[in-house]
Amino acid sequence: MTTTADRAGTSSSSVPTEKVTLARAITLGLRTALAHDPSVLLMGEDIGRLGGVFRVTDGLQAEFGADRVVDTPLAESGILGTAIGLAMRGYRPVCEIQFDGFVFPAFDQITTMLAKLHARSRGRITVPVVVRIPFGGGIGAVEHHSESPEVLFAHTAGLRVVSPATPADAYTMIQEAIASPDPVIFLEPKGRYWDKAEVALTPYGTPGAGLDKARVVRPGSDVTVVGYGPTVHTALKAAAAADAEGISLEVVDLRTISPLDHATVVESVRGTGRCVVVHEAPVQHGVGAEVAARVTEECFYELEAPVQRVGGFHTQYPPARIEHDYLPSVDRVLHAVDRAMAF
Amino acid sequence: METVQLLTPEGTRVADARYDHRVAHLDADALRGFYADMVLTRRFDTEATALQRQGELGLFTPSMGQEAAQVGSAHALAPQDWAFPAYREHGVLHVRGVDLVDVLKQFRGVEHGGWDPAEHHVHLFTLVVGAHPLHAVGYAMGMQRDGVVGTGDPQRDAGVIAYLGDGATSQGDVSEALVFAGASDAPVVFFVQNNQWAISVPVGTQSKVPLAQRGQGFGIPTVRVDGNDVLASYAVTAEAMERAHRGHGPTFIEAVTYRMGAHTTSDDPLRYREDDEVAAWRAKDPIDRLRRYLESAGELPQDFLADLEARSEALARHVRDGVHAMTAPEPTSMFDHVYASPHSLVQSERAWFEQYESGLAEGGAR
């Protein structure tokens, strides 16, 4: 999906590559940051000797010590609140929230403190805290382990919200999140943790694509399909299936949700005239609504059909045995493509 | 549970084997300094309350009655220490050197902060009750990693003091702060001013046991002090900060005091508390207490009091003039510090707003 050549300032000849999972790519990104910036700390529940429940921090405490890879008490608000204090003191804490549904005890610290301190201090204080959250469903989990809370954070000024869809982006984006002077909500598509790809292991500080740029990951001409995190994979599978029926889908990976790179989306839709937005989070008040509104505002006369949204229902996330009826499937994406093409 | 007291309400010095040495070096000049700081803090309180009544401030949070706890504890801090105040700690801010006019920017509606935290090592307060002690603990954990704890060098060893109230102790974040402080042995002091009331709710609703026992439950050494006794407040804080500096971990202090005024200028305490309760606490006024002690020692000469009166009035004038001079910020300033690095949405909304404003200025149709 992405290649070394996508990234400015690197060349495939000089940079080692390794075929790794998305989870391992994050580990390697964290390791690089820990090795090169002594102010970087990891904090979370079970991230030390256990290496995290998804093993994303595997081996890092042994390598960097318990002062830099900190097993915290079991209290999410405490993790975020102390991370804010450490950031005020000049550290760059990277907090792991074990599962998406467990971020809410920390929601107050994230929205009323982390998001506002830079503004409250008129720029005198920066709080470069990264909040890593495995998010999304599809892994057959119990309640509170499959949620997609991204809009709650994207609606909060002061936070950046990003989600990598590929191992290559996971490796660079976690490093860019750590280097950002702003707080970053880093949403890891846990359903894609085990996807493998070649990743260019660029040195720390290598400029990446940035935490404000979407990317066209598959060119096409009939319909633009917009996804992020786990649904980029779904969109690409839908594109392969549509291709067999002679419909050409252009797939855009948003990569970042706040800010949202409308320019790349609008440019794509200007070319195709049709747009489908796919996310696991509920459709109502979702990222799809924001994309649809902006596409309508900015390229109304180029649109051949209303923007279609595919996502979760306005229900509680359902039990695992029926989660695939809730999640946006390839078939539901293709159904939306058909609706768009029917106009 | 014992309550540490070095000065009775009548102004009599009582001996205390554990704490006497903490105040032995305080001569008459130092005590007059404490007295002046309490008087100035109260004068600020009176002036800010008046400014609110005149419509110059939207709100104010009076500290009247809590001057000894605040001034005493703040004087026990070293310059390299950091204070994380709540929104009623005007005495602490004054002692640390924060211009009290800056405290009123929030209440005037021109800023959500007010001062540069780095200048006097005093963090900004938040209106979210109990959210900041966690920041204090995290900051203290940073000091540990910076190697400025337990070095044995009094000029270098640092710690943090978090100010909170009786109501805040019920917040989950405060319990988490105690958990994290205990787990990390962070150099932090939790200074709880139990002023008996969380707006209209008495402390008995927050806790069935003395608040000091909260600290013990978390395995944190605890002390209860007469918060209207500036000497005792100084002594227990000095001991706790020394523990922090030496790397011996956190301390929990309950300073028993009383909020003699309203919770805020929007509050009406006549609706929920009795006159005789207020009168009983007025008899224990922290300023009167030190005045009686100094008077009986013949250490409160008339020229000092006259000078203090002049300083009080100068402070009041400074506060009045400062508030009157505070004008609304530029509307576009709301976009200035949303993020520390460029954010495309904020940039485009700012550009739109500026265009919209200029369109209005030109009388364009909208």
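Listed by position, the helices (runs of 4 or more DSSP H) enclosed by segment A:218-301 include none that has at least 3 residues that are among the hydroxyl-bearing types (Ser, Thr, Tyr) and in the same structural domain as A:Glu147 (by TED's automatic domain parsing). Checked against (1) touching a helix residue (DSSP H, G or I) at 6+ places or on another chain (Cβ under 8 Å); (2) at positive phi; (3) not hydroxyl-bearing (Ser, Thr, Tyr), A:Pro189 meets all criteria but (2).
So that you can scan it fast, the table gives a plain yes or no per residue for (1) more than 18 Å from B:Thr49 (Cα to Cα); (2) in the same structural domain as B:Arg53 (by TED's automatic domain parsing); (3) assigned to a loop (DSSP other than H, G, I, E, B):
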position: B:Ala74; (1), (2), (3): yes, yes, no
position: B:Tyr87; (1), (2), (3): no, yes, yes
position: B:Val98; (1), (2), (3): yes, yes, yes
position: B:Asp102; (1), (2), (3): no, yes, no
position: B:Glu111; (1), (2), (3): yes, yes, yes
position: B:Ala118; (1), (2), (3): yes, yes, no
position: B:Leu127; (1), (2), (3): yes, yes, yes
position: B:Tyr139; (1), (2), (3): yes, yes, no
position: B:Met143; (1), (2), (3): yes, yes, no
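Go over the candidates B:Leu7, B:Leu57 one by one and state the one that is in contact with a Phe, Trp or Tyr (Cβ under 6 Å, 6 or more places away or on another chain), surrounded by 18 or more Cβ atoms within 10 Å (Cβ to Cβ), outside the structural domain of B:Leu100 (by TED's automatic domain parsing) and not polar (S, T, N, Q). Going through B:Leu7, B:Leu57 in turn, the sole match is B:Leu7.
Of all residues assigned to segment B:320-328, at least one qualifies as being part of a helix (DSSP H, G or I), at pLDDT 95 or above and in contact with a Leu (Cβ under 6 Å, 6 or more places away or on another chain). Under the condition of being within 14 Å of chain B (Cβ to nearest Cβ), touching a helix residue (DSSP H, G or I) at 6+ places or on another chain (Cβ under 8 Å) and within 20 Å of A:Glu280 (Cβ to Cβ), the residues counted in segment A:226-260 number 5.
Inspect all residues belonging to segment B:214-230 and state whether any of them is surrounded by fewer than 24 Cβ atoms within 10 Å (Cβ to Cβ), away from chain A (no Cβ under 14 Å), touching a strand residue (DSSP E or B) at 6+ places or on another chain (Cβ under 9 Å) and at pLDDT below 95. Yes, segment B:214-230 contains at least one residue that is surrounded by fewer than 24 Cβ atoms within 10 Å (Cβ to Cβ), away from chain A (no Cβ under 14 Å), touching a strand residue (DSSP E or B) at 6+ places or on another chain (Cβ under 9 Å) and at pLDDT below 95.
So that you can scan it fast, the table gives a plain yes or no per residue for (1) crowded, with 24+ Cβ neighbours inside 10 Å; (2) among the charged types (D, E, K, R); (3) touching a Ser or Thr at 6+ places or on another chain (Cβ under 6 Å); (4) more than 9 Å from chain A (Cβ to nearest Cβ):
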position	(1), (2), (3), (4)
B:Phe107	no, no, no, yes
B:Glu111	no, yes, no, no
B:Thr126	no, no, no, no
B:Val160	yes, no, no, no
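Confirm whether A:Val291 is aliphatic (A, V, I, L, M), within 18 Å of A:Arg160 (Cα to Cα), at pLDDT 95 or above and buried (at least 17 other Cβ atoms within 10 Å of the Cβ). Yes; evaluated as a whole, the condition is true for this residue. Within segment A:194-202, is there a residue that is under 26 Å from A:Gln316 (Cβ atoms) and either among the acidic types (Asp, Glu) or outside the structural domain of A:Val251 (by TED's automatic domain parsing) (or both)? The answer is no; no qualifying residue exists. Of the strands (runs of 3 or more DSSP E) lying entirely inside segment A:76-174, those carrying at least 1 residues that are touching a helix residue (DSSP H, G or I) at 6+ places or on another chain (Cβ under 9 Å), more than 21 Å from B:Val129 (Cα to Cα) and away from chain B (no Cβ under 14 Å) are A:92-96, A:130-135.
The values are calculated or read from the model by the stated rules, or taken from the named source; none is laboratory data. Predicted model, so just to flag it, every value in this text is computed and none were measured. Glycine gets a Cβ as well: all are built from the backbone with ideal geometry, and neighbour counts include every protein chain shown.
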